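**Q** Okay, handing you the structure first.
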(Lines give C-alpha, C1' and ligand atoms only; values in the text may rest on other atoms or scores of the structure.)
Protein backbone atom coordinates (compact mmCIF):
# COMPACT_ATOMS: atom_id res chain seq x y z
CA UNK A 1 0.00 0.00 0.00
CA UNK A 2 2.83 2.45 0.79
CA UNK A 3 4.21 2.07 -2.74
CA UNK A 4 0.88 3.15 -4.22
CA UNK A 5 0.54 6.34 -2.18
CA UNK A 6 2.26 9.43 -3.49
CA UNK A 7 3.04 12.89 -2.14
CA UNK A 8 -0.08 14.31 -3.80
CA UNK A 9 -2.19 11.86 -1.76
CA UNK A 10 -1.09 13.33 1.57
CA UNK A 11 -0.01 16.91 0.78
CA UNK A 12 -1.45 19.64 2.99
CA UNK A 13 -2.66 22.38 0.70
CA UNK A 14 -3.54 24.59 3.68
CA UNK A 15 -0.28 25.75 5.18
CA UNK A 16 0.98 28.86 6.91
CA UNK A 17 2.22 31.32 4.31
CA UNK A 18 4.23 34.37 5.39
CA UNK A 19 6.08 37.11 3.59
CA UNK A 20 9.78 37.75 4.03
CA UNK A 21 9.15 40.85 6.20
CA UNK A 22 7.38 38.77 8.87
CA UNK A 23 8.89 38.58 12.32
CA UNK A 24 9.69 35.32 14.05
CA UNK A 25 7.09 36.09 16.73
CA UNK A 26 4.40 36.56 14.08
CA UNK A 27 5.30 33.19 12.54
CA UNK A 28 5.34 31.54 15.98
CA UNK A 29 1.84 32.92 16.67
CA UNK A 30 0.54 31.57 13.36
CA UNK A 31 2.11 28.15 14.00
CA UNK A 32 0.63 28.14 17.50
CA UNK A 33 -2.82 28.80 16.01
CA UNK A 34 -2.33 25.72 13.81
CA UNK A 35 -1.27 23.68 16.82
CA UNK A 36 -4.31 24.78 18.83
CA UNK A 37 -6.67 24.07 15.92
CA UNK A 38 -5.44 20.49 15.77
CA UNK A 39 -4.38 21.00 12.14
CA UNK A 40 -0.84 19.85 12.88
CA UNK A 41 0.72 21.89 10.08
CA UNK A 42 3.67 23.20 12.05
CA UNK A 43 5.62 24.60 9.14
CA UNK A 44 5.38 28.05 7.59
CA UNK A 45 6.56 28.78 4.07
CA UNK A 46 8.29 32.11 3.50
CA UNK A 47 7.56 33.87 0.22
CA UNK A 48 8.54 37.00 -1.61
CA UNK A 49 5.60 37.46 -3.92
CA UNK A 50 5.22 34.12 -5.71
CA UNK A 51 8.80 32.99 -4.98
CA UNK A 52 9.38 30.48 -2.19
CA UNK A 53 12.39 31.56 -0.13
CA UNK A 54 12.40 29.00 2.66
CA UNK A 55 10.56 27.17 5.40
CA UNK A 56 10.29 27.70 9.13
CA UNK A 57 9.10 24.83 11.28
CA UNK A 58 8.70 24.77 15.02
CA UNK A 59 12.15 23.15 15.05
CA UNK A 60 13.82 26.30 13.68
CA UNK A 61 11.85 28.49 16.09
CA UNK A 62 12.82 26.39 19.12
CA UNK A 63 16.46 26.19 18.04
CA UNK A 64 16.64 29.97 17.59
CA UNK A 65 14.92 30.75 20.88
CA UNK A 66 17.18 28.28 22.71
CA UNK A 67 20.27 29.96 21.29
CA UNK A 68 18.83 33.36 22.25
CA UNK A 69 18.17 32.23 25.82
CA UNK A 70 21.68 30.83 26.11
CA UNK A 71 23.17 34.08 24.84
CA UNK A 72 21.02 36.00 27.31
CA UNK A 73 22.61 34.18 30.22
CA UNK A 74 20.84 30.89 30.69
CA UNK A 75 24.23 29.31 31.34
CA UNK A 76 24.64 31.22 34.61
CA UNK A 77 23.83 29.66 37.97
CA UNK A 78 20.07 29.42 38.60
CA UNK A 79 20.16 31.69 41.66
CA UNK A 80 21.79 34.48 39.59
CA UNK A 81 19.13 34.46 36.88
CA UNK A 82 16.09 36.70 36.80
CA UNK A 83 13.98 34.41 34.61
CA UNK A 84 11.35 37.08 33.94
CA UNK A 85 13.96 39.47 32.52
CA UNK A 86 15.63 36.65 30.62
CA UNK A 87 12.43 35.55 28.88
CA UNK A 88 11.28 39.12 28.27
CA UNK A 89 14.60 39.85 26.57
CA UNK A 90 14.48 36.66 24.52
CA UNK A 91 10.93 37.44 23.41
CA UNK A 92 12.01 40.92 22.35
CA UNK A 93 14.83 39.43 20.29
CA UNK A 94 12.27 37.11 18.70
CA UNK A 95 9.96 40.00 17.95
CA UNK A 96 12.81 41.90 16.30
CA UNK A 97 14.13 38.93 14.31
CA UNK A 98 12.96 38.60 10.72
CA UNK A 99 11.89 35.17 9.62
CA UNK A 100 14.44 35.30 6.80
CA UNK A 101 17.20 35.19 9.43
CA UNK A 102 16.21 31.74 10.67
CA UNK A 103 14.35 30.11 7.77
CA UNK A 104 15.59 26.86 6.28
CA UNK A 105 16.65 27.55 2.70
CA UNK A 106 17.77 23.94 2.23
CA UNK A 107 14.26 22.62 2.88
CA UNK A 108 13.29 19.18 1.65
CA UNK A 109 11.57 19.41 -1.73
CA UNK A 110 9.31 16.67 -3.08
CA UNK A 111 7.65 16.10 -6.42
CA UNK A 112 3.93 15.25 -6.22
CA UNK A 113 4.38 11.79 -7.74
CA UNK A 114 7.06 10.63 -5.28
CA UNK A 115 6.01 7.43 -3.43
CA UNK A 116 5.86 7.35 0.38
CA UNK A 117 8.97 5.14 0.88
CA UNK A 118 11.09 7.61 -1.11
CA UNK A 119 9.55 10.50 0.82
CA UNK A 120 10.57 8.74 4.04
CA UNK A 121 14.10 8.41 2.68
CA UNK A 122 14.28 12.14 1.94
CA UNK A 123 12.99 13.03 5.41
CA UNK A 124 15.59 10.78 7.01
CA UNK A 125 18.42 11.98 4.77
CA UNK A 126 17.73 15.68 5.42
CA UNK A 127 16.70 15.28 9.08
CA UNK A 128 13.80 17.70 8.71
CA UNK A 129 10.24 17.56 10.07
CA UNK A 130 8.53 19.04 7.02
CA UNK A 131 8.89 19.02 3.25
CA UNK A 132 7.60 21.22 0.44
CA UNK A 133 5.70 19.61 -2.42
CA UNK A 134 6.34 21.44 -5.68
CA UNK A 135 5.43 20.88 -9.30
CA UNK A 136 7.95 22.89 -11.27
CA UNK A 137 8.03 26.25 -9.53
CA UNK A 138 4.47 25.96 -8.17
CA UNK A 139 4.15 25.17 -4.47
CA UNK A 140 1.37 22.62 -3.94
CA UNK A 141 1.70 22.38 -0.15
CA UNK A 142 3.63 20.72 2.64
CA UNK A 143 3.99 17.28 4.16
CA UNK A 144 4.79 16.97 7.85
CA UNK A 145 6.69 14.07 9.41
CA UNK A 146 3.52 13.14 11.30
CA UNK A 147 1.74 12.65 7.95
CA UNK A 148 4.33 10.02 7.05
CA UNK A 149 3.90 8.43 10.48
CA UNK A 150 0.12 8.20 9.99
CA UNK A 151 0.57 6.52 6.60
CA UNK A 152 3.12 4.12 8.06
CA UNK A 153 0.93 3.14 11.00
CA UNK A 154 -2.09 2.65 8.75
CA UNK A 155 0.01 0.45 6.48
CA UNK A 156 1.07 -1.84 9.33
CA UNK A 157 -2.48 -1.78 10.69
CA UNK A 158 -1.77 -0.21 14.06
CA UNK A 159 -5.10 0.71 15.61
CA UNK A 160 -5.18 3.91 17.60
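**Q** Tally up the residues in region 84-121 that are assigned to a helix (DSSP H, G or I), without any contact (Cβ under 8 Å) to a residue 40 or more places away in the chain and surrounded by 17 or more Cβ atoms within 10 Å (Cβ to Cβ), please.
**A** Number of matching residues: 2.
**Q** Could I ask something else about it? Could you give every pair whose Cβ atoms fall below 8 Å, whose first residue belongs to region 3-20 and is without any contact (Cβ under 8 Å) to a residue 40 or more places away in the chain and at negative phi, and whose second residue is assigned to a strand (DSSP E or B) and surrounded by 13 or more Cβ atoms within 10 Å (Cβ to Cβ), counting only separations of at least 6 or pairs across chains?
**A** Close Cβ pairs satisfying both conditions: 16/43; 16/44; 16/45; 17/44; 17/45; 17/47; 19/46; 19/47.
**Q** Same structure again: Can you find a residue in region 21-28 that is surrounded by 12 or more Cβ atoms within 10 Å (Cβ to Cβ), touching a strand residue (DSSP E or B) at 6+ places or on another chain (Cβ under 6 Å) and modelled with pLDDT of 85 or more?
**A** Yes, some residue in region 21-28 is surrounded by 12 or more Cβ atoms within 10 Å (Cβ to Cβ), touching a strand residue (DSSP E or B) at 6+ places or on another chain (Cβ under 6 Å) and modelled with pLDDT of 85 or more.
**Q** Is one or more of the residues making up region 137-146 out of contact with any helix residue (DSSP H, G or I) (no Cβ under 7 Å at 6 or more places or on another chain) and in a helix (DSSP H, G or I)?
**A** Yes, there is a match, as at least one residue in region 137-146 is out of contact with any helix residue (DSSP H, G or I) (no Cβ under 7 Å at 6 or more places or on another chain) and in a helix (DSSP H, G or I).
**Q** Just to be sure before I move on: is residue 13 surrounded by 13 or more Cβ atoms within 10 Å (Cβ to Cβ) and either touching a strand residue (DSSP E or B) at 6+ places or on another chain (Cβ under 9 Å) or at pLDDT below 90 (or both) in the structure I sent?
**A** In short, no.
The values are calculated or read from the model by the stated rules, or taken from the named source; none is laboratory data. Since this is a predicted model, take the numbers as computed values, not measurements. Reconstructed Cβ throughout: ideal geometry from the backbone, glycine too, with neighbour counts over all protein chains shown.
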